[in-house]
Amino acid sequence: MRSRLAWVGLACLLALGRSAAALGADVVVYTSLDQVYSQPILEAFEKETGISVKAVYDVEASKTTGLVNRLIAERKRPRADVFWSSEVAQTLVLKDKGVLAPYRSPSAEDIPAQFKGPEGYWTGFAARARVLVYNKNLLGLSDPPQSIFDLTKPRWRGKLAMAYPLFGTTATQVAAWYAVLGAERTEAYLRALKANGVVIVNGNGASRDAVVQGEVPLGFTDTDDVNVAIQAGKPVAMIFPDRDGMGTLMIPNTVAFLAGAPHSQEGKRLIDFLLSREVESRLAFCQSMQIPVREGVKKPANVPDFGDIRAMQVGYRDIANHMEQAARFSRELFAR
Amino acid sequence: MRLPRWAVAAAWAIFVLAALAPLAQLGLDAAGGDGASTSTTLRDLLLSPSQWQLLSNSLAIACGASALAAAIGVPFAFVTERTELPGRDIFGILYLVPLLIPPQMHAVVWSRLLAENGPVSQTLRETLGISAAPIGIFSIPGVIFVLGLAYFPFVTLLTRAGLRSVDPSLEEAALLRQGPLRSVARVTLPLVVPHLLAGTIFVFVFAIIDFGVPDILRVRVYPVEIFVQFSALYDKRAAVALALPLLIVTLALVGLQARLMRERAYVSFSQGIAGTRRYSLGRARSWAWLFCGSVLGLSVVTPVVALAAAAGPIRTYVEVTKGALASLETSLSLALIAAGITAVAAFVIAHSTLRSRGALRMSLHYLTQVPFAVPPILLGIGLIGLWNRPLTGWLYDSVAMVVVGYVAHFLPFAIRSVYGSLQQLSPALEEAAWLATPNRLRIAGQITVPLVRRGLAAAFLIVFVLAMGELGVSLLVVPPGIETLPVRIYNLMHYGADASVAALSLVLLAVELAVCLAVLGLTHGNRRADG
């Protein structure tokens with residue numbers, strides 16, 4: 001028995017050594033974009049440049065903040081060169097925490113100014129929209145609501161799913177309401193949603209699933225979540241809400257360069273690559289149907305032109321500044 | 001007998017460095033105000049009314065889940081270990097399966113089955129003609145149900161280890177005076193109290209620090225508050241302060257357990273003698289079978305069938321496994337190494353604690369249980385703070401850091417598991433061996449370890465299984481470019497690839513089950529050798 005154990009131990013050590021040997025990283029990226037989308041793009045970069053990429057992928061269970069907290073904790077001895085987020089607000093938090101360094105990529109020149117940090121700390125591209133997903137079987141004949149303000153009406157009582165608004169893009173959306181509508185109206189709206197029996201679920205994916213399963217007919221979620229379900233043949237569709245009002249919140253991917261990045265040249269090259277029109281096009285063609293923020297980027301027919309969407313007029317800095325206030329209120333309101 | 005000093009020192013050093021030091025680091029950071037975005041005042045650190053509400057939710061869930069797990073786990077262990085129930089060997093293996101399915105998966109399966117428009121509710125509604133869903137899975141009882149089913153194997157595993165080592169002569173003596181029912185209730189079961197309490201405490205700890213399952217079942221619980229401090233408010237100090245109630249509750253529980261077991265002896269003088277008694281069930285046989293069958297039906301068959309149905313054709317398994325091979329290998333090797341280190345360290349720590357006296361023994365015991373209920377995100381942040389510095393960067397940058405994380409997270413569980421078995425061991429056996437040889441390592445290797453091997457195996461398996469599914473700590477300390485299997489599974493889950501997630505979960509389950517069978521086979525096979 002003892003010799004058998006020794007063999008097991010030896011095998012383990014060998015495996016450990018092999019994994020450790022794979023460590024000589026050339027560029028390190030932490031990303032919260034789903035691995036199925038981000039990995040092929042990082043592999044394309046490896047192929048094009050010969051620089052090998054070491055990535056840490058975030059998971060939903062940690063709600064895209066695991067890596068943000070890791071970056072903050074690693075600040076004194078940074079390990080990552082690039083942060084590629086599927087979100088924008090947390091990138092701004094990192095900037096405020098002194099984790100980022102400015103880098104203006106030449107690839108970003110044609111990206112509209114609203115998607116770039118004024119000091120060059122972050123750049124946005126390939127946006128998702130905060131939409132309403134609805135079940136076509138359940139709402140087939142009646143009109144789905146066109147404004148989020150309809151959702152507090154008795155007709156939609158108990159019929160709406162929403163992720164716990166402290167995390168992810170749902171938190172960003174609530175903070176955006178704070179920025180656009182002001183605290184008073186937003187809080188009244190959230191209270192009305194709660195009074196109208198909104199079903200709080202554990203993520204945007206779960207919100208989509210509740211609608212796909214027909215548990216509720218309507219849910220707040222992101223375009224990529226809905227599109228995955230549409231592609232899988234589920235009976236759902238999406239609404240870009242408030243086309244006649246405050247508009248739909250657009251949330252871009254963001255990339256940022258890290259202060260004290262161990263591989264700064266390679267990191268900058270990766271950022272240049274990620275911000276290229278080709279990558280934005282690839283993200284539009286994959287299942288996540290990210291909407292290009294630049295004009296003339298090649299995209300499939302089902303991805304709307306950015307210009308055709310009535311995007312909510314709000315600065316991302318303004319959203320970030322309201323994140324904490326929004327979180328504190330939502331935490332109390334939805335505690336039970 | 002005491003173990004060699006160097007061994008004791010090394011094991012305690014592992015415990016202090018891996019498990020305690022990161023917590024001290026966190027405490028220091030929090031006290032120093034590092035990471036506190038706003039100026040947190042003392043008043044902010046007191047729990048708000050809604051936080052009290054959440055804490056009481058969490059306590060209700062943890063108490064309920066551990067009570068349910070004990071109510072299922074102890075009878076299950078007894079029936080499969082000590083009766084002549086037909087099929088007990090199969091039952092005795094299958095009960096491990098729920099542990100090998102991530103608890104979140106249990107929750108997803110049940111939430112779909114029992115949702116308002118789910119198949120179970122539909123059927124019940126049609127047959128009973130009622131309008132509302134009769135079973136509310138999205139509730140505290142729903143969470144208790146899922147956690148109890150997912151975690152009862154902890155109780156069963158440890159109780160079985162205890163039952164195997166109970167002194168048969170005590171039972172025989174009891175049987176001379178009273179019937180089997182009374183001797184089981186008054187002699188056999190009380191003798192495995194350390195084991196079943198340890199298992200129950202595990203369930204309690206997992207139920208109180210985890211928010212994955214309640215989150216899916218739409219119940220707000222206390223640990224979310226800690227997570228919110230990090231992810232929404234970026235306030236490390238408040239997060240640390242909020243974790244204190246969890247530590248206090250768990251330590252109180254450990255204290256209660258110690259009080260319950262005070263002044264009692266669990267020593268088995270005839271350890272190693274094979275031939276524990278199996279009771280005949282008589283007419284109760286079909287009831288026992290029905291009990292085991294329905295427990296496994298709910299906790300094994302239901303989730304496995306649901307996952308298999310979601311995974312679909314064999315093709316899915318082949319495809320996902322191809323992509324996941326590297327991460328499976330990583331997870332497997334890291335979990336095996338961590339389980340090995342942890343089991344050995346736990347043995348030495350538990351042994352040295354038991355062989356110390358009086359107040360020292362009590363305080364060492366408490367010390368080993370302090371890191372029990374630390375939420376993974378806090379442990380991960382503490383580990384980064386401790387190890388990610390120029391002097392120790394070589395370790396932090398290596399994959400060994402994940403092993404450190406697993407050891408830190410699970411060492412208290414392993415200590416708890418081994419402790420119960422060591423309590424059954426009479427020190428006289430070691431002392432007697434000492435007369436023959438002064439080599440204490442040899443005594444430990446040839447007398448002590450073989451006698452507590454079932455407790456050791458249980459500890460090894462518990463750490464292995466937990467490490468295979470670990471996500472919270474490993475995500476924070478895994479070096480770039482290395483991927484563990486849970487990270488991959490949860491990533492796919494977010495993407496919405498239900499079929500791949502289900503298939504990968506089943507692959508993971510099969511691999512873990514194979515390891516469990518191998519380890520149990522090793523320890524089981526040995527029994528005949530020393531009998």
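Computed quantities for the displayed model
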quantity: The one condition in (1) in a loop (DSSP other than H, G, I, E, B); (2) more than 14 Å from chain B (Cβ to nearest Cβ); (3) open to solvent by 10 Å² or more (accessible area, probe 1.4 Å); (4) not hydroxyl-bearing (Ser, Thr, Tyr) that A:Gly233 fails to fulfil; calculated: (2)
quantity: Within region B:451-531, helices (runs of 4 or more DSSP H) holding 2 or more residues that are within 17 Å of B:Gly92 (Cβ to Cβ), open to solvent by 10 Å² or more (accessible area, probe 1.4 Å) and touching a Lys or Arg at 6+ places or on another chain (Cβ under 8 Å); calculated: B:498-530
quantity: Residue list for region A:283-294, restricted to those being surrounded by fewer than 21 Cβ atoms within 10 Å (Cβ to Cβ) and touching a strand residue (DSSP E or B) at 6+ places or on another chain (Cβ under 9 Å); calculated: A:Ala284, A:Arg294
quantity: Tally of residues being open to solvent by less than 20 Å² (accessible area, probe 1.4 Å), assigned to a helix (DSSP H, G or I) and of a type outside the set (Gly, Ala, Ser) across region A:317-336; calculated: 1
quantity: Hey, A:Ala129 under 21 Å from the mean Cα position of the chain (by Cα) and farther than 30 Å from B:Val477 by Cα or not; calculated: yes
quantity: Region A:236-250 - residue that is hydrophobic (A, V, I, L, M, F, W, C) and crowded, with 24+ Cβ neighbours inside 10 Å and, of those, farthest from the other protein chains (Cβ to nearest Cβ); calculated: A:Met250
quantity: Criterion violated by B:Pro412 - all others in (1) away from chain A (no Cβ under 14 Å); (2) open to solvent by 10 Å² or more (accessible area, probe 1.4 Å); (3) not basic (Lys, Arg) satisfied; calculated: (2)
quantity: Cross-chain or 6+ apart pairs with Cβ under 8 Å, region B:271-283 first and among the hydrophobic types (A, V, I, L, M, F, W, C) and surrounded by 10 or more Cβ atoms within 10 Å (Cβ to Cβ), then part of a loop (DSSP other than H, G, I, E, B) and at pLDDT 80 or above; calculated: B:Leu281/B:Glu84; B:Leu281/B:Leu85
quantity: Where a residue in region A:317-336 is at negative phi and facing chain B (nearest Cβ under 8 Å) and its partner, wherever it lies, is open to solvent by 40 Å² or more (accessible area, probe 1.4 Å) and not polar (S, T, N, Q), with Cβ under 8 Å and at least six apart; calculated: A:Phe334/A:Lys194
quantity: Residue match in region A:174-192 (condition: polar (S, T, N, Q) and open to solvent by 10 Å² or more (accessible area, probe 1.4 Å)); calculated: no
quantity: Subset of region A:193-224 that is part of a helix (DSSP H, G or I) and away from chain B (no Cβ under 11 Å) - its residue that is surrounded by the most Cβ atoms within 10 Å (Cβ to Cβ); calculated: A:Val211
quantity: Filtered residue count, region B:370-399, keeping only those that are outside any helix (DSSP H, G or I), more than 10 Å from chain A (Cβ to nearest Cβ) and open to solvent by 20 Å² or more (accessible area, probe 1.4 Å); calculated: 0
quantity: Subset of region B:324-336 [without any contact (Cβ under 8 Å) to a residue 12 or more places away in the chain and either within 11 Å of chain A (Cβ to nearest Cβ) or more than 14 Å from B:Arg488 (Cα to Cα) (or both)]; calculated: B:Glu329, B:Ser333
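For (1) within 14 Å of chain B (Cβ to nearest Cβ); (2) open to solvent by 40 Å² or more (accessible area, probe 1.4 Å), each residue gets a yes or a no:
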position: A:Ala113; (1), (2): no, yes
position: A:Arg128; (1), (2): yes, no
position: A:Asn137; (1), (2): yes, yes
position: A:Pro145; (1), (2): no, no
position: A:Thr152; (1), (2): no, yes
position: A:Leu160; (1), (2): yes, no
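Yes or no, residue by residue, for (1) open to solvent by 10 Å² or more (accessible area, probe 1.4 Å); (2) more than 14 Å from chain A (Cβ to nearest Cβ):
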{"position": "B:Leu189", "(1), (2)": "yes, yes"}
{"position": "B:Gly199", "(1), (2)": "no, yes"}
{"position": "B:Val221", "(1), (2)": "no, no"}
{"position": "B:Tyr234", "(1), (2)": "yes, no"}
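The values are calculated or read from the model by the stated rules, or taken from the named source; none is laboratory data. Bear in mind that the values here come from a model prediction, so they are computed numbers and not experimental data. Counting neighbours? That spans all protein chains shown, and the Cβs are built from the backbone with ideal geometry, glycine included. With ligands, DNA and RNA removed, areas are computed over all heavy atoms of the protein, side chains included. Shrake-Rupley method; radii C 1.70, N 1.55, O 1.52, S 1.80 Å.
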